[in-house]
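Everything on this sheet refers to the single structure shown next.
The values are calculated or read from the model by the stated rules, or taken from the named source; none is laboratory data. Since this is a predicted model, take the numbers as computed values, not measurements. Cβ placement follows ideal geometry from the backbone for every residue including glycine, while neighbour counts extend to all protein chains displayed.
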Amino acid sequence: MQTKNSTNVSAYIHIPFCEHICYYCDFNKVFLEGQPVDEYIQCLLKEIELTLANHPADTSETIYIGGGTPTSLSASQLDVLLEGIHRLMPTDTTKEFTVEANPGDLTEEKLHVMKYHGVNRLSMGVQTFNNRLLKKIGRKHSAEDVYETVHLLEKNQFDNVSIDLIYALPGQTLEDFRDTLHRAIDLGLPHYSMYSLILENKTMFMNWVRQGRIELPSQEIESQMFEEAIEAMTKSGHIQYEVSNFALPGKESQHNLVYWNNENYYGFGAGASGYLNNIRYKNFGPIQHYLKPLRNNQLPVIETEKLTVENQIEEEMFLGLRKLEGISQQHFLKKFDRNFMDVYKDVLPYLIEQDWLQINGDRIQLTQKGLFIGNDVFEKFLLSK
């Protein structure tokens, strides 16, 4: 895929290996055991090399290694991967370098490798502090593992840490969630992500719900959990800067802001997606399908889509409105050479009347009410309906 040069392109790098598959997860992942992990790392570096030859970047302000479970790699495999990334990418410009980790997978040796290679942010999948619920959702760590990992990070003076929590889990009560919320906040971390459980096709959870084997909390309880989360986070000084994300001032996830600001990013690895010069592309998901073209020095791209201006505007809206600061009309005009009020004159009055959307000077933002039904609001901005 030959494209023109962009000066600043962030990168998402996918490690699909897991030591355990969670019941709710539909991300591209495989059991680690018996997989060609070393070859995968070499092919991943080959993909980075081939992509940057076609589409060079002068700077890459954020790099995010996700999965799967990147910390399921051994310390020496992490070392090879990170050394290769530095060799191939303009990492001297990288301000935020994040790696996803699972509590219990992170050893001192792996942490030293990451610190040596300039990783300055960790994102941990905690989900809940209730051990019974952790087992129920197929997680292999315990609440005790979370505390041990946080202690390890403190000991090594690694303080830029985010944790993910999931609410509205099967059998989760309000009391359970409040306990998790307070235990998470008591850790005193700079960043928290909070997601309601989404039932995805082809997951064990979806099958069990269809069979009537598990029951989820009601919509009312789910909304109350979200409401209490916003309240508790605000009280602890964490600003809700995006629908599901809370941070101390200055600790917002710069990489995720690349997505919400609809900016360019590389997608490297099996099943990864990227966005370069108005082209969205996706790689082969199955490991062997991903490796095959790279063995022949070919990129592993399975599909590309050139976005029309209408597509770009729609994406700008449903990504940008996730941010609490919303969308700048001035930026919209500069980016698309169209006046926001002209493009959406038919839909705005209704959304404002419903108290789902507000105009605040230059900015278009979700209201507190709109936050709870974000997807319904975003749908109104589809131009191709």
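The residues in region 164-192 that are over 20 Å from the mean Cα position of the chain (by Cα) and small (Gly, Ala, Ser) can be counted, and the count is 2. For region 134-147, name all the residues that are within 22 Å of Thr71 (Cβ to Cβ) and under 24 Å from the mean Cα position of the chain (by Cα). Once the filter is applied, which keeps residues that are within 22 Å of Thr71 (Cβ to Cβ) and under 24 Å from the mean Cα position of the chain (by Cα), region 134-147 yields Leu134, Lys135, Ile137, Gly138, Arg139, Lys140, His141, Ser142, Ala143, Asp145, Val146, Tyr147. A single member of Glu96, Glu100 is modelled with pLDDT of 95 or more, in contact with a Pro (Cβ under 7 Å, 6 or more places away or on another chain) and of a type outside the set (A, V, I, L, M, F, W, C), and it is Glu100. If you check Ile302, Ile364 for being of a type in the set (A, V, I, L, M, F, W, C), within 27 Å of the chain's Cα centre (by Cα), closer than 24 Å to Ser253 by Cβ and not in a helix (DSSP H, G or I), only one passes: Ile364. Taking region 43-65 as the range and being among the small types (Gly, Ala, Ser) and buried (at least 19 other Cβ atoms within 10 Å of the Cβ) as the test, the residues that pass are Ala57, Ser60.
Candidates Asp346, Asp337, Asp355: the one that is at negative phi and either surrounded by fewer than 20 Cβ atoms within 10 Å (Cβ to Cβ) or outside the structural domain of Asp38 (by TED's automatic domain parsing) (or both) is Asp346. Scanning region 331-361 for residues that are outside any helix (DSSP H, G or I) and of a type in the set (Phe, Trp, Tyr) turns up Tyr344, Trp356. Being within 30 Å of Ala53 (Cβ to Cβ) and either exposed (fewer than 15 other Cβ atoms within 10 Å of the Cβ) or among the aliphatic types (A, V, I, L, M) (or both): is that true of Thr107 here? In short, no. Per the listing Gly250, Gly269, the residue uniquely on the phi > 0 side of the Ramachandran plot and over 16 Å from the mean Cα position of the chain (by Cα) is Gly250. Checked against (1) surrounded by 16 or more Cβ atoms within 10 Å (Cβ to Cβ); (2) part of a loop (DSSP other than H, G, I, E, B); (3) free of Cβ contacts under 8 Å to residues at least 12 places away in the same chain, Pro293 passes all but a single condition, namely (2). Considering (1) surrounded by 15 or more Cβ atoms within 10 Å (Cβ to Cβ); (2) over 22 Å from the mean Cα position of the chain (by Cα); (3) at pLDDT 95 or above, the lone condition that Glu39 does not fulfil carries the number (1).
Taking (1) touching a helix residue (DSSP H, G or I) at 6+ places or on another chain (Cβ under 6 Å); (2) more than 30 Å from Gln298 (Cα to Cα); (3) not in a loop (DSSP other than H, G, I, E, B) in turn, Asp105 satisfies each apart from (3). Given Ala270, Ala229, which one is touching a His at 6+ places or on another chain (Cβ under 8 Å) and either closer than 28 Å to Gln358 by Cα or modelled with pLDDT of 95 or more (or both)? Testing whether each residue is touching a His at 6+ places or on another chain (Cβ under 8 Å) and either closer than 28 Å to Gln358 by Cα or modelled with pLDDT of 95 or more (or both) leaves just Ala270. Filtering region 144-163 to residues that are surrounded by fewer than 18 Cβ atoms within 10 Å (Cβ to Cβ) and either in a helix (DSSP H, G or I) or among the acidic types (Asp, Glu) (or both) leaves Glu144, Tyr147, Glu148, His151, Leu152, Glu154, Lys155, Asp159. Tally the residues that are exposed (fewer than 14 other Cβ atoms within 10 Å of the Cβ) and either modelled with pLDDT of 65 or more or within 28 Å of Leu257 (Cβ to Cβ) (or both), restricting the search to region 175-215. The qualifying residues number 7.
Answer yes or no as to whether Gln330 is polar (S, T, N, Q), closer than 30 Å to Glu49 by Cα and free of Cβ contacts under 8 Å to residues at least 60 places away in the same chain. Spell out the reasoning first.
Values: polar (S, T, N, Q): yes; closer than 30 Å to Glu49 by Cα: no; free of Cβ contacts under 8 Å to residues at least 60 places away in the same chain: yes.
Against the criterion (polar (S, T, N, Q), closer than 30 Å to Glu49 by Cα and free of Cβ contacts under 8 Å to residues at least 60 places away in the same chain), Gln330 does not qualify.
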